[in-house]
1. Is one or more of the residues making up the range 5-14 in contact with a strand residue (DSSP E or B) (Cβ under 7 Å, 6 or more places away or on another chain) and at pLDDT below 80?
2. When you go through (1) surrounded by fewer than 15 Cβ atoms within 10 Å (Cβ to Cβ); (2) closer than 21 Å to ILE2 by Cα; (3) at pLDDT below 80 one by one for VAL150, which number turns out not to apply?
3. Using the structure shown, decide if ALA93 is out of contact with any Phe, Trp or Tyr (no Cβ under 9 Å at 6 or more places or on another chain), closer than 20 Å to ARG52 by Cα and either assigned to a helix (DSSP H, G or I) or not aromatic (Phe, Trp, Tyr) (or both).
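The values are calculated or read from the model by the stated rules, or taken from the named source; none is laboratory data. From a predicted model like this one, the values you see are computed outputs, not experimental measurements. In this analysis, Cβ positions are derived from the backbone assuming ideal geometry, glycine residues included, and neighbour counts consider all displayed protein chains.
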Amino acid sequence: MIETEARVLSVEPGFAWVEPRPHSPCGQCHPEHGCRSLQMARMFALREPRFRVLDPLGVAPGQRVNIAVPESGVLRSAGLLYVLPVLALIAGAMLGSRYGDTTAALLALVCLLFTLGCVHLYARRLAADVRYQPHIASLVDVQTVSMEFVKTCRSRS
């Protein structure tokens, strides 16, 4: 399981909307510019991250919780979204290369689009499967949590 801490924003029957805790400094931040990877992620983010997760514990807004995602689901998703379409693109290009460059490019595009369509259908089916959905694994006991890092990451400012 892959786990992270989050704060509960709101609840609805069987689900909770959570906001992940900001990352802690890893020690690799640039002294003047802060965390470059976080800056890149924020460039493409449209809003603050909020996620809907399964709530088997019945939490309340404001509580801190641990969110768990099955590692197999993350690995399967990465393979489906990144590896399979690239392999389909390469296979289409190789199959079409016997008939010229234009045919190779068209067949590669057709294979890529077909694979992306299949991945989309499979992802919709997996989204309904509870085994692959993020869920609240436990409550965070605020009494035993060590003091959060005092110095905030420079990229937060």
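1. no
2. (2)
3. Working: out of contact with any Phe, Trp or Tyr (no Cβ under 9 Å at 6 or more places or on another chain): yes; closer than 20 Å to ARG52 by Cα: no; either assigned to a helix (DSSP H, G or I) or not aromatic (Phe, Trp, Tyr) (or both): yes.
For ALA93, the condition - out of contact with any Phe, Trp or Tyr (no Cβ under 9 Å at 6 or more places or on another chain), closer than 20 Å to ARG52 by Cα and either assigned to a helix (DSSP H, G or I) or not aromatic (Phe, Trp, Tyr) (or both) - is not met.
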